[in-house]
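The values are calculated or read from the model by the stated rules, or taken from the named source; none is laboratory data. Since this is a predicted model, take the numbers as computed values, not measurements. So basically every Cβ, Gly included, is an ideal-geometry build from the backbone, and we count neighbours across all protein chains shown. To get the accessible areas, we keep the full protein, side chains included, count just its heavy atoms, and leave off ligands, DNA and RNA. Shrake-Rupley method; radii C 1.70, N 1.55, O 1.52, S 1.80 Å.
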Amino acid sequence: QVQLVESGGGLVQAGGSLRLSCGASGVLFSSLTMGWFRQAPGKEREFVAAISWSGGTTVLADSVKGRFTISRDNAKNTVYLQIFNLKQGDTAVYFCASRYGGTQILRSMYTSWGQGTQVTVSS
């Protein structure tokens, strides 16, 4: 059973940066494709980024390209989401998710989810 735990969220001023982490346990982490999604109040959960098991393939939503990067450290069983130049529109709960197989942007394709970490961007 895959267990995912996100951390690194918080209250940040617009223009600031954050690095979110997601640690995995209960599984061979290097066999997983990992994704990040976010859900703002009253909105659907949306795809943010995904990374293949090796880190060789990354996918970013158009809305975050240029400000977000996704990376992973298989030795630490951790995937990261680095966010630069935070905007108020980035305020959301950020979730990491995992799946076997290639990178996907559809949330239905991910089989395990963390509980989420709140990111709040103030003006």
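Things to note:
- Meeting the requirement of 1 or more residues that are over 20 Å from I105 (Cα atoms), the strands (runs of 3 or more DSSP E) wholly within region 4-67 are 10-13, 18-25.
- Residue tally, condition more than 25 Å from W53 (Cβ to Cβ), loosely packed, with under 12 Cβ neighbours inside 10 Å and modelled with pLDDT of 95 or more, over region 76-123: 3
- Pairs with Cβ under 9 Å, 6+ apart, first in region 35-57 and within 14 Å of T91 (Cα to Cα) and open to solvent by less than 10 Å² (accessible area, probe 1.4 Å), second of a type in the set (A, V, I, L, M, F, W, C) and in a loop (DSSP other than H, G, I, E, B): V48/A61
- Take the conditions (1) among the charged types (D, E, K, R); (2) touching a residue at least 12 places away in the same chain (Cβ under 8 Å); (3) open to solvent by less than 70 Å² (accessible area, probe 1.4 Å); R19 misses just one of them, which is (3).
- In region 60-73, the residues that are open to solvent by 20 Å² or more (accessible area, probe 1.4 Å) and more than 11 Å from the chain's Cα centre (by Cα): D62, S63, K65, G66, R67, D73
- Residues (more than 12 Å from the chain's Cα centre (by Cα) and under 17 Å from G101 (Cβ atoms)) located in region 40-57: S52, W53, S54, G55, G56, T57
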